[in-house]
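Okay, so here's the structure we're looking at.
The values are calculated or read from the model by the stated rules, or taken from the named source; none is laboratory data. The model shown is predicted, which means the values in this text are computed figures rather than measured ones. Note that each Cβ is placed from the backbone with ideal geometry, even for glycine, and that neighbours are counted across all protein chains shown. Just the protein is used for accessible areas: all its heavy atoms, side chains included, with ligands, DNA and RNA removed. Shrake-Rupley method; radii C 1.70, N 1.55, O 1.52, S 1.80 Å.
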Amino acid sequence: MQTNFTAEQLLDPGVAESEKILRKCVHCGFCTATCPTYVTLGNELDSPRGRIYLIKDMLENDRPADDQIVKHIDRCLSCLSCMTTCPSGVNYMHLVDNARAHIEKTYKRPLMNRLTRALLAFVLPYPGRFRLALNLARFGRPFAGLFGSMAATKPLAAMLELAPRNVPAASPSAVPGVHTPDATRKGRVALLSGCAQPVLKPGINEATIRLLNRLGIEVVLPKGEGCCGSLVHHMGREEDALEDARRNVDVWTRELEQGGLDAIIITASGCGTTIKDYGYMLRLDPAYNEKAAHISSLAKDVTEYLATLTMPQSRIEPGLTVAYHSACSMQHGQKITRQPKDLLKAAGFTVKDPAEGHLCCGSAGTYNIMQADIARTLRDRKVKNIEATGASVVATGNIGCITQIAGGSTLPIVHTIELLDWAYGGPKPEEIPLTKPALQAAV
């Protein structure tokens with residue numbers, strides 16, 4: 001793609017990086033075939049190619065974002081399916097992130113939209129606030145229908161629909177500390193506790209700690225760690241995201257220097273994609289660029305890390321067919337496609353791949369709140385494909401996908417690590433009814 005940025009414009013690092021990315025695009029349109037919003041809406045401006053034209057026009061002419069640009073950029077899921085498809089290596093992720101930062105600086109959103117986004121940024125990255133908000137949701141549910149009838153308040157209705165009616169109790173797995181294996185220590189890792197996940201489903205990190213400890217891996221939950229920054233990052237609140245990144249880089253660097261770390265384990269793939277990008281995000285910060293790059297190199301999805309270990313013999317015969325939903329942040333963001341399924345198969349599960357596995361379920365961070373109608377359409381399409389496999393349980397590696405898919409299906413849906421923990425000596429996930437073969441093997 002030909003560009004016409006001035007030398008003065010290219011002094012801005014964000015513009016300079018965007019220009020490099022734009023020049024790689026050859027207008028081929030391969031991305032349109034795998035873009036969930038284009039497949040759903042059929043509008044060229046809701047495809048990566050269309051958004052690239054909008055971003056180019058906005059940045060090249062050095063003008064503020066307008067209603068049309070914001071509408072179509074906001075509709076982007078950042079699922080990154082286009083990057084998997086693109087034959088030219090266009091880094092759409094960095095381009096759209098820069099566009100969102102430009103929108104945040106130059107565009108004044110409608111009042112209710114600003115308030116909703118501010119509320120999400122204030123609540124979701126903080127487990128204590130998030131837990132309180134979920135407990136207060138019961139008082140808002142009677143008004144969900146009213147909120148859903150008005151465009152400005154539709155995100156509030158979506159929040160109430162997604163909020164669980166019963167919030168799990170706080171778990172020790174979210175408290176800073178060290179979990180030491182009973183057997184000889186074979187390794188040491190830090191575990192990202194996360195924000196929404198330990199509130200919505202603390203069993204995920206509990207299963208991770210149990211399994212890693214049984215495999216001889218010491219697990220540390222460092223004091224001072226916080227949100228990875230992905231939520232505010234995708235809102236265009238770049239300085240907030242960089243502060244989150246710096247804090248976590250400091251915390252993990254301290255652990256690295258004091259006790260050593262083989263890896264930083266992440267059980268929410270959306271967080272993993274962002275943390276693996278810390279090196280890029282902080283590339284312009286001389287105090288952090290090298291440290292951030294090293295932290296990014298240590299970041300591993302839990303299945304990515306387990307694939308490097310020697311796993312024991314499965315202790316049960318699960319007798320279950322599992323539909324594996326590959327989260328977009330896993331398959332497109334981190335390019336992890338084989339390890340979760342290989343681990344499940346080795347543990348004795350029969351694994352099925354749903355049709356259209358490359359398409360997003362519609363979760364995408366806060367997308368299912370801010371773009372609820374599109375998200376629901378994508379969810380229903382995803383659920384139809386999952387249920388067509390005939391599987392009795394769904395496994396995935398991202399809490400957002402778990403919450404989203406569970407809202408449209410009666411199939412039990414669990415994190416991959418919960419099934420692996422069960423297979424190798426841990427408790428059965430409470431969502432799964434015990435099958436006869438598994439019961440016989442467990443007795």
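Go through ARG214, ARG185, ARG254 for me and flag whichever is modelled with pLDDT under 95, surrounded by fewer than 20 Cβ atoms within 10 Å (Cβ to Cβ), over 30 Å from ASN368 (Cα atoms) and more than 16 Å from the chain's Cα centre (by Cα).
ARG185 is the lone residue from the list that is modelled with pLDDT under 95, surrounded by fewer than 20 Cβ atoms within 10 Å (Cβ to Cβ), over 30 Å from ASN368 (Cα atoms) and more than 16 Å from the chain's Cα centre (by Cα).
Could you pull out the residue among ALA364, ALA355 that is touching a Cys at 6+ places or on another chain (Cβ under 9 Å) and either part of a loop (DSSP other than H, G, I, E, B) or open to solvent by 30 Å² or more (accessible area, probe 1.4 Å) (or both)? Even if it seems obvious, please write down each step before you answer.
Values: ALA355 fails: touching a Cys at 6+ places or on another chain (Cβ under 9 Å).
Testing whether each residue is touching a Cys at 6+ places or on another chain (Cβ under 9 Å) and either part of a loop (DSSP other than H, G, I, E, B) or open to solvent by 30 Å² or more (accessible area, probe 1.4 Å) (or both) leaves just ALA364.
I'd like the residue in segment 315-332 that is under 16 Å from GLN404 (Cα atoms) and among the hydroxyl-bearing types (Ser, Thr, Tyr) and, out of all such residues, is farthest from the chain's Cα centre (by Cα).
Among residues in segment 315-332 that are under 16 Å from GLN404 (Cα atoms) and among the hydroxyl-bearing types (Ser, Thr, Tyr), the one farthest from the chain's Cα centre (by Cα) is TYR324.
Do we have GLU60 as more than 27 Å from the chain's Cα centre (by Cα) and surrounded by 17 or more Cβ atoms within 10 Å (Cβ to Cβ) here?
On the way: more than 27 Å from the chain's Cα centre (by Cα): yes; surrounded by 17 or more Cβ atoms within 10 Å (Cβ to Cβ): yes.
Here the answer is yes, as GLU60 does meet what is asked.
Is one or more of the residues making up segment 297-311 modelled with pLDDT of 95 or more, more than 30 Å from THR40 (Cα to Cα), in contact with a helix residue (DSSP H, G or I) (Cβ under 7 Å, 6 or more places away or on another chain) and of a type in the set (Phe, Trp, Tyr)?
no
Tell me the residue from GLY259, GLY194 that is crowded, with 23+ Cβ neighbours inside 10 Å, out of contact with any Asp or Glu (no Cβ under 7 Å at 6 or more places or on another chain), under 30 Å from PRO427 (Cβ atoms) and at pLDDT below 95, please.
GLY194
For segment 2-28, what are the residues that are of a type in the set (Asp, Glu) and either assigned to a loop (DSSP other than H, G, I, E, B) or open to solvent by 60 Å² or more (accessible area, probe 1.4 Å) (or both)? Break it down into steps so the answer makes sense when it comes.
Within segment 2-28, the subset of a type in the set (Asp, Glu) is 8, 12, 17, 19.
Within segment 2-28, GLU8, ASP12 qualify.
Any idea which of (1) open to solvent by less than 40 Å² (accessible area, probe 1.4 Å); (2) touching a Gly at 6+ places or on another chain (Cβ under 8 Å) is the one VAL322 doesn't satisfy?
That leaves (2) as the condition not met.
Every residue, every condition in (1) closer than 21 Å to ASP12 by Cβ; (2) among the acidic types (Asp, Glu); (3) in contact (Cβ under 8 Å) with a residue 12 or more places away in the chain, yes or no:
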residue	(1), (2), (3)
ASP244	no, yes, yes
ASN248	no, no, yes
ARG254	no, no, yes
ILE264	no, no, yes
ILE275	no, no, yes
MET281	yes, no, yes
ASN289	yes, no, no
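Among the residues of segment 205-239, which ones are farther than 29 Å from VAL414 by Cα and in a loop (DSSP other than H, G, I, E, B)?
As a first pass, look at segment 205-239 and keep what is farther than 29 Å from VAL414 by Cα: 236-239.
Of everything in segment 205-239, those that are farther than 29 Å from VAL414 by Cα and in a loop (DSSP other than H, G, I, E, B) turn out to be GLY236, ARG237.
Taking segment 37-53, which residues are open to solvent by less than 40 Å² (accessible area, probe 1.4 Å) and touching a residue at least 40 places away in the same chain (Cβ under 8 Å)?
Across segment 37-53, the qualifying residues are THR37, PRO48, ARG51, ILE52.
List the pairs whose first member sits in segment 331-354 and is closer than 12 Å to ASP301 by Cα, whose second member is open to solvent by 20 Å² or more (accessible area, probe 1.4 Å) and acidic (Asp, Glu), and whose Cβ atoms are under 7 Å apart, counting only residues at least 6 apart or on separate chains?
From residues that are closer than 12 Å to ASP301 by Cα, the pairs are ILE336/GLU304; GLN339/GLU304.
Could you say whether any residue in segment 240-263 is touching a strand residue (DSSP E or B) at 6+ places or on another chain (Cβ under 7 Å) and part of a strand (DSSP E or B)? Before you say what the answer is, go through the steps one by one.
Looking only at segment 240-263, we keep the residues that are touching a strand residue (DSSP E or B) at 6+ places or on another chain (Cβ under 7 Å), and these are 252, 255, 259-263.
Within this subset, residues satisfying the condition of being part of a strand (DSSP E or B) are 263.
Yes, because at least one residue in segment 240-263 is touching a strand residue (DSSP E or B) at 6+ places or on another chain (Cβ under 7 Å) and part of a strand (DSSP E or B).
Being over 17 Å from the mean Cα position of the chain (by Cα), on the phi < 0 side of the Ramachandran plot, open to solvent by less than 20 Å² (accessible area, probe 1.4 Å) and modelled with pLDDT of 95 or more: is that true of ALA268 here?
no
For residues in segment 414-428 being without any contact (Cβ under 8 Å) to a residue 40 or more places away in the chain and more than 14 Å from GLY348 (Cβ to Cβ), which is farthest from the chain's Cα centre (by Cα)?
Of segment 414-428, the ones without any contact (Cβ under 8 Å) to a residue 40 or more places away in the chain are 414, 427-428.
Subset that is more than 14 Å from GLY348 (Cβ to Cβ): 414, 427.
On the way: VAL414: 15, PRO427: 26 Å.
If we take residues in segment 414-428 being without any contact (Cβ under 8 Å) to a residue 40 or more places away in the chain and more than 14 Å from GLY348 (Cβ to Cβ), then PRO427 is farthest from the chain's Cα centre (by Cα).
Pick from segment 97-132 the residues that are β-branched (Val, Ile, Thr) and over 24 Å from PHE147 (Cα atoms): which of them is surrounded by the fewest Cβ atoms within 10 Å (Cβ to Cβ)?
Filtering segment 97-132 down to residues β-branched (Val, Ile, Thr) leaves 103, 106, 116, 123.
Among the residues that remain, those that are also over 24 Å from PHE147 (Cα atoms) are: 103, 106.
Values: ILE103: 21, THR106: 15.
Selected residue: THR106.
Return the residues of segment 133-168 that are touching a Phe, Trp or Tyr at 6+ places or on another chain (Cβ under 8 Å) and aliphatic (A, V, I, L, M); say none if nothing qualifies.
Once the filter is applied, which keeps residues that are touching a Phe, Trp or Tyr at 6+ places or on another chain (Cβ under 8 Å) and aliphatic (A, V, I, L, M), segment 133-168 yields LEU156, ALA157, LEU160.
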